[in-house]
Structure formats: structure tokens, C-alpha cells
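Presented below is the structure to which this report refers.
The values are calculated or read from the model by the stated rules, or taken from the named source; none is laboratory data. All figures in this text were calculated on a predicted structure; none of them were measured in a lab. Quick reminder, even Gly has a Cβ in these numbers, built from the backbone with ideal geometry, and neighbours come from all protein chains shown. Calculation scope for accessible area: heavy atoms of the full protein, side chains included, ligands and nucleic acids excluded. Shrake-Rupley method; radii C 1.70, N 1.55, O 1.52, S 1.80 Å.
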Amino acid sequence: MPDEIRDRLARLHERIARAAERARRRAEDITLIAVSKTFDASIVQKAVDAGARDLGENRVQEAAAKAPQVSGAGLRWHLIGHLQSNKARVAVQTFDVIHTVESVELARRLDRIAGEEGRRPTVLVQVALGHEATKSGADENDLPAIVETLDAAAHLDFQGLMTLPPFFDDPEQARGYFRRLREMLENLNRSRAPERRLTELSMGMSHDFEVAIEEGATLVRVGTAVFGARRKH
Ligand SMILES: *Cc1c(COP(=O)(O)O)cnc(C)c1O
């Protein structure tokens with residue numbers, strides 16, 4: 001029991017390395033984000049003590065309460081859930097990476113607030129590829145305007161795209177969504193100068209991160225496979 005999280009992290013790093021090898025990629029180019037939502041700070045601390053550096057949360061208030069109780073060198077907190085505009089300031093204060101920019105308005109607000117707070121978070125645009133009403137994320141047609149806004153933002157470091165495909169029992173069925181996101185990043189990069197290339201693809205969860213890595217994921221968001229089953233939020 002005591003080192004369960006440590007064992008799970010070790011196994012995950014092995015699986016990440018094997019998936020990277022299959023795709024002829026370097027394992028160092030893939031970051032495991034331990035998604036700690038719903039778990040108490042004491043449990044998150046165990047993961048940090050076992051070497052986790054990147055922590056993912058989907059609720060701003062929950063993370064703002066938890067982050068000060070977790071200590072470790074070089075920790076990066078990632079917001080992976082929907083961001084309401086009235087939580088933007090707390091999000092900027094709490095998170096190093098915001099994966100869920102989905103509108104021009106939110107991009108502008110984050111830039112303004114980051115300037116006021118003296119912060120410069122990394123940001124990704126969440127793209128809705130599933131076209132389901134319940135899923136958040138930017139419509140593909142809105143992407144150019146959001147990208148233009150982020151490129152002009154003085155206080156945001158825009159680095160790539162994120163997606164959350166519909167849930168499939170068979171992870172192979174998510175492959176097309178992951179491939180599509182990679183193609184969108186490649187398309188954006190065609191018109192960007194080399195030094196402004198976008199490099200990050202946030203995609204893949206506990207049940208499908210290996211497929212995501214085969215399709216180019218650089219940030220995999222893994223909760224259950226690190227911390228065990230969650231109670232409902
Ligand atoms: C909860 C969550 C995850 C992690 O899910 P697991 O299946 O537990 O790995 C990944 N991404 C997002 C956006 C989430 O909300």
C-alpha cells in the first residue's frame with residue numbers, strides 16, 4: 001500500500017517509453033501530468049514525493065486550495081478543465097499551464113489579468129473535435145481568431161493544442177481524433193516562423209494515452225492510473 005503510487009508511476013513511465021519507441025519518439029519529449037482532481041493534498045504529496053512534477057486539476061477553486069498544501073521543487077500545476085471567465089484571475093494565480101483556452105474573449109481576459117498579476121502562464125487552445133453539445137472547447141472554425149489573439153498576447157506563452165475526445169471503450173477509436181489534432185498543429189505551423197513553432201499536444205488519458213503518444217502527444221493527462229479510482233466529483 002505505502003508505495004502504490006510510486007509503483008504506478010514507475011509502470012506508467014515504462015509504458016510511456018514503450019509507446020514512444022513504437023512511434024520512434026523520445027520518451028523525454030512526453031510529460032506525464034498526474035491528474036489529482038478529487039484527491040486530498042496529502043495524497044498528491046505522495047505522488048510528488050514519488051517524483052511527479054506536473055499536476056493536473058479541473059477545478060480552479062479546488063486547485064487553489066490544494067496547491068499551497070503541496071510542496072516540491074519545480075512543480076507545475078495544469079488547469080485541464082473548463083475555465084469560467086469569473087475564475088480567470090484565480091486561475092492565473094494558481095496555474096502554470098492553462099490547457100483550456102477556448103475563445104478570443106477568454107484569451108484577451110487571461111492576457112490582461114496575467115499582465116496585472118505579473119505572471120506569464122503557458123496556454124493551449126482546447127479544440128472540440130467531437131462536436132457533441134456537452135463537450136467544451138473551441139470550434140475548429142474559431143481557431144484562427146483565437147490563435148491570432150494569443151500570438152498578440154504579451155503575457156501568455158502560447159504553445160499548442162489540447163483535446164478531449166468522446167469516451168470509447170476501445171482506445172483505437174480515439175486515434176482519429178488524436179491524429180486530427182496533430183494535423184491541426186502541423187497546419188498552424190506551416191505559416192509560422194521556425195522560432196515560433198507550436199510544440200505541445202495535450203491529449204490522452206489513463207485508458208488511451210499510448211495511442212495518443214503514437215499520434216504525437218507531448219502532454220498526457222493521467223488520473224486513475226496514478227491515483228486509483230475517483231469518487232464522483
Ligand atoms: C479527469 C481528466 C483526465 C484524467 O482522466 P483519467 O481517465 O482518470 O486518466 C484527463 N483529462 C481531463 C480533461 C480530465 O478532466
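So the values come out like this:
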{"read-out": "Check on A19, open to solvent by less than 40 Å² (accessible area, probe 1.4 Å), touching a residue at least 60 places away in the same chain (Cβ under 8 Å) and either within 18 Å of V220 (Cβ to Cβ) or within 16 Å of the ligand (Cβ to nearest atom) (or both)", "value": "yes"}
{"read-out": "The stretch 183-230, residues that are more than 16 Å from the ligand (Cβ to nearest atom), buried (at least 16 other Cβ atoms within 10 Å of the Cβ), outside any loop (DSSP other than H, G, I, E, B) and not acidic (D, E)", "value": "M184, L185, L188"}
{"read-out": "Residues within the stretch 82-130 that are over 19 Å from E140 (Cα atoms) and part of a loop (DSSP other than H, G, I, E, B), tallied", "value": "7"}
{"read-out": "Complete set of residues in the stretch 138-157 that are open to solvent by 20 Å² or more (accessible area, probe 1.4 Å) and under 18 Å from M184 (Cβ atoms)", "value": "D139, E140, N141, D142, P144, A145, E148, T149, D151"}
{"read-out": "Answer from V92, V70 - the residue that is free of Cβ contacts under 8 Å to residues at least 60 places away in the same chain and closer than 23 Å to T218 by Cα", "value": "V92"}
{"read-out": "Criterion (in contact (Cβ under 8 Å) with a residue 24 or more places away in the chain and within 16 Å of the ligand (Cβ to nearest atom)) met by exactly one of S103, S136, S85", "value": "S136"}
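Residue-wise test of (1) touching a Leu at 6+ places or on another chain (Cβ under 9 Å); (2) among the acidic types (D, E); (3) surrounded by 15 or more Cβ atoms within 10 Å (Cβ to Cβ).
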| residue | (1), (2), (3) |
| --- | --- |
| I98 | yes, no, yes |
| L106 | yes, no, yes |
| D111 | yes, yes, yes |
| R119 | no, no, yes |
| Q126 | yes, no, yes |
| S136 | yes, no, no |
